[in-house]
Amino acid sequence: MGYLLPTEYVQYGLSEETTDDLVTTASALIDAHCRRPSLTVTQYVERIRLTAGAQTARLSYRPLTENPLVEVKVRFGRPRRGESSDLFREEVAFAFGMPGSWSTLDVASVDVNATAAELTFPQNFLGLNYNEAEVTYTSGFQTIPPAIKVACAQIVKNAQAMPALNVKSNRIDTMQMEYFSNSLIDDQVRSLLRPYVAERLG
């Protein structure tokens, strides 16, 4: 799906003869640059390692939708080297088989800061912090913002301005061509897309 509708081509500076495949390709380049499958509303499953002593984590994809959490699982695993804070409680947890088992949290118990895409998790019944979470959530736009549409139109213009479908370089002696140089996503497009690039992956 393209981020520009055919009725918007002229409004964003493209000619009426612009083909849909160019817009679809530009939209796919935007998704690849932003390191996400789509900027429209999409469901993600993300496994997050929590920092020792902290019960917060930041999600990779923004903006979060309204009521974004679908499911939250947490577990208390054996602490990594240097993370042990309360050996007695940890030994009690190990005795009852807690380490490594996933627990599903009520999504209402997880505090969500939608602006920063940050989650704050509650402590478990022993007062120990979780150290790993698996979060299923939704992120993306119901309506594509103008900045993304401008970026899409600019990529199409950059592709149209390049001869031979944006051949970066060619050599006849070895029959070699390189396509899609970085000039398709230029500095202007990068600045427009900067807020939508996934912050981290994994």
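The values are calculated or read from the model by the stated rules, or taken from the named source; none is laboratory data. Everything numeric here is computed off the predicted structure, so don't read it as measured data. Cβ placement follows ideal geometry from the backbone for every residue including glycine, while neighbour counts extend to all protein chains displayed.
Residue-wise test of (1) modelled with pLDDT under 70; (2) in a helix (DSSP H, G or I); (3) more than 18 Å from the chain's Cα centre (by Cα); (4) closer than 17 Å to Leu50 by Cβ.
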| residue | (1), (2), (3), (4) |
| --- | --- |
| Leu119 | no, no, no, yes |
| Leu128 | yes, no, yes, yes |
| Tyr137 | no, no, no, yes |
| Lys149 | no, yes, yes, no |
| Ala159 | no, yes, yes, no |
| Ser181 | yes, no, yes, no |
| Leu192 | no, yes, no, no |
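When region 1-28 is examined, which residues are found to be in contact with a Gly (Cβ under 8 Å, 6 or more places away or on another chain) and either surrounded by fewer than 19 Cβ atoms within 10 Å (Cβ to Cβ) or closer than 19 Å to Leu64 by Cα (or both)?
Step one: list which residues in region 1-28 are in contact with a Gly (Cβ under 8 Å, 6 or more places away or on another chain), which gives 20, 23-24, 26-27.
Of everything in region 1-28, those that are in contact with a Gly (Cβ under 8 Å, 6 or more places away or on another chain) and either surrounded by fewer than 19 Cβ atoms within 10 Å (Cβ to Cβ) or closer than 19 Å to Leu64 by Cα (or both) turn out to be Asp20, Thr24.
Yes/no matrix, rows are residues, columns are (1) in contact with a strand residue (DSSP E or B) (Cβ under 7 Å, 6 or more places away or on another chain); (2) on the phi > 0 side of the Ramachandran plot; (3) basic (Lys, Arg):
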position	(1), (2), (3)
Ser15	no, no, no
Thr19	no, no, no
Arg35	no, yes, yes
Ile48	yes, no, no
May I ask you to list the residues in region 1-41 that are touching a helix residue (DSSP H, G or I) at 6+ places or on another chain (Cβ under 7 Å), among the small types (Gly, Ala, Ser) and part of a loop (DSSP other than H, G, I, E, B)? Gly2, Gly13, Ser38
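So in region 64-103, with the set limited to residues that are modelled with pLDDT of 80 or more and crowded, with 16+ Cβ neighbours inside 10 Å, which one is farthest from the chain's Cα centre (by Cα)? Spell out how you get there, then give the answer.
Of all residues in region 64-103, those modelled with pLDDT of 80 or more come to 64-75, 102-103.
Retained after the next criterion (residues that are crowded, with 16+ Cβ neighbours inside 10 Å): 64-65, 68-69, 72-75.
Details: Leu64: 10, Thr65: 13, Pro68: 14, Leu69: 15, Val72: 18, Lys73: 19, Val74: 21, Arg75: 23 Å.
The extreme case among them is Arg75.
Any idea how many residues of region 29-50 are aliphatic (A, V, I, L, M) and surrounded by 15 or more Cβ atoms within 10 Å (Cβ to Cβ)? Show your work before the answer.
Pass one, region 29-50, residues aliphatic (A, V, I, L, M): 29-30, 32, 39, 41, 45, 48, 50.
Going one step further and asking which of them are surrounded by 15 or more Cβ atoms within 10 Å (Cβ to Cβ), we end up with 29-30, 39, 48, 50.
Within region 29-50, residues that are aliphatic (A, V, I, L, M) and surrounded by 15 or more Cβ atoms within 10 Å (Cβ to Cβ) number 5.
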